[in-house]
Amino acid sequence: MNNKASQRVSVEVITALMLLLPLLLLMNCSPREVDETARSGKMTLAFDRNLRDIAITEREMFIRYYPDTRITLMPSASGKSLKHLLAHEVRAALISGKPEAAEDSLFATLQPPLRREPVAHDAIVCIVNRLNPAGKLSLTELAPLFSGKESEAIPLVVADDYRLQSLFASGIGIKIKDLYARVCTTESELIKRVSSDKRAVGVLFRSSLDGTLAEEMAQNRIKVLPLSKDSFSSHPYLPTQQNIFEGLYPLVTTVYYVYYSGDPLAAGFGSWIGGRGQKAIERSSFAPYKPVERTIILKSLDSQQSKAQ
């Protein structure tokens with residue numbers, strides 16, 4: 001083979017390799033299959049809409065620590081998060097408040113059974129117009145008010161959230177079927193209703209209120225009332241994070257993480273929320289379920305003395 005022919009073959013080989021190079025790079029960059037463990041794999045998480053901040057923040061932090069994980073979020077209307085889980089459309093759910101007795105009984109009969117872990121605290125709050133003269137309320141006053149016995153002249157509004165309504169009715173000592181209030185489709189509608197009527201009283205989750213106020217810029221038109229257990233001997237408390245965590249505020253609710261027993265990734269994510277993830281909850285509209293662990297670094301006595309010299 002002469003030199004010209006040899007050079008021509010070399011050029012053809014080099015050209016072919018250059019054409020193959022992008023294909024090889026694409027093959028190397030294609031998603032690789034990841035084994036299913038407590039820190040890797042794919043899952044979908046359903047959550048009640050007022051728990052959006054917890055779901056988004058915890059997912060982002062978990063994936064940052066464990067990049068082999070893919071978690072898809074499914075926001076749901078109240079009561080539907082558990083339905084998605086029971087239908088096996090998702091592998092875990094975040095819900096507001098303890099499941100009802102019938103739901104708990106169903107959990108025990110499933111195979112594999114469902115596990116329910118408390119991960120945060122929220123609260124149910126009462127809001128009024130800034131011009132409303134009321135300075136506080138008690139659960140003993142709310143019961144007749146929201147059962148229709150003393151509310152002829154007071155517009156009462158509640159968010160369109162079944163769990164909120166069920167927890168609120170239970171908290172003030174009445175049945176949900178006896179709850180007397182106008183239902184607002186969205187939290188924004190509820191806040192607008194209260195901000196435009198100085199007689200109105202609205203009820204919603206604290207987490208929903210914080211998120212909606214940030215969007216509506218309505219902080220100057222409404223106020224949150226401190227609540228007490230009764231109108232005589234109990235001190236009223238505002239739903240601050242500290243009062244919620246200590247149980248001083250009378251309408252505290254619990255956020256639960258629910259998943260199927262034996263599911264490694266769902267269990268791993270739940271363990272994260274109940275452990276390291278508590279720090280993120282402490283920085284949110286919610287209160288952590290348990291005290292956040294803190295590391296205190298103490299300098300040695302010798303080090304302090306040497307600096308003093």
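The values are calculated or read from the model by the stated rules, or taken from the named source; none is laboratory data. Predicted model, so just to flag it, every value in this text is computed and none were measured. Positions of Cβ are generated from backbone atoms using ideal geometry, with glycine treated the same way; all protein chains shown enter the neighbour counts.
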For residues that are assigned to a strand (DSSP E or B) and within 14 Å of Gly270 (Cβ to Cβ), tally how many sit in the stretch 68-116. 9
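Matching residues to (1) over 26 Å from Thr185 (Cα atoms); (2) surrounded by 10 or more Cβ atoms within 10 Å (Cβ to Cβ); (3) modelled with pLDDT under 95; (4) not hydrophobic (A, V, I, L, M, F, W, C):
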| site | (1), (2), (3), (4) |
| --- | --- |
| Asn2 | yes, no, yes, yes |
| Arg8 | yes, yes, yes, yes |
| Cys29 | yes, no, yes, no |
| Val34 | yes, yes, yes, no |
| Ser40 | yes, yes, no, yes |
| Thr44 | yes, yes, no, yes |
| Ile63 | yes, yes, no, no |
| Ile71 | yes, yes, no, no |
| Ser81 | no, yes, yes, yes |
Could you check how many residues of the stretch 47-61 are modelled with pLDDT of 95 or more and farther than 15 Å from Val119 by Cα? 2
Index of the failed condition, Asp178 passing every other in (1) within 22 Å of Ser138 (Cα to Cα); (2) among the acidic types (Asp, Glu); (3) crowded, with 21+ Cβ neighbours inside 10 Å: (3)
When you go through Val194, Val183 one by one, which is the residue that is within 22 Å of Tyr237 (Cα to Cα) and either over 25 Å from the mean Cα position of the chain (by Cα) or assigned by TED's automatic domain parsing to the domain that holds Ser228 (or both)? Val194
Within the stretch 197-211, residues being outside any helix (DSSP H, G or I) and either of a type in the set (A, V, I, L, M) or without any contact (Cβ under 8 Å) to a residue 12 or more places away in the chain (or both) number 4
Hey, Leu137 hits all of (1) assigned by TED's automatic domain parsing to the domain that holds Ile244; (2) within 16 Å of Thr254 (Cβ to Cβ); (3) touching a Leu at 6+ places or on another chain (Cβ under 6 Å) but one; which does it fall short on? (2)
So which residues in the stretch 118-131 are surrounded by fewer than 18 Cβ atoms within 10 Å (Cβ to Cβ) and either in contact with an Asp or Glu (Cβ under 9 Å, 6 or more places away or on another chain) or modelled with pLDDT of 95 or more (or both)? Pro118
List every residue pair whose Cβ atoms sit under 8 Å apart, with the two residues 6 or more apart in sequence or on different chains, where the first one lies in the stretch 54-73 and is outside the structural domain of Val90 (by TED's automatic domain parsing) and the second, anywhere, is assigned to a helix (DSSP H, G or I). none
When you scan the stretch 218-309 for helices (runs of 4 or more DSSP H) that lie fully inside it, which ones turn up with 3 or more residues that are at pLDDT below 95 and surrounded by fewer than 16 Cβ atoms within 10 Å (Cβ to Cβ)? 301-308
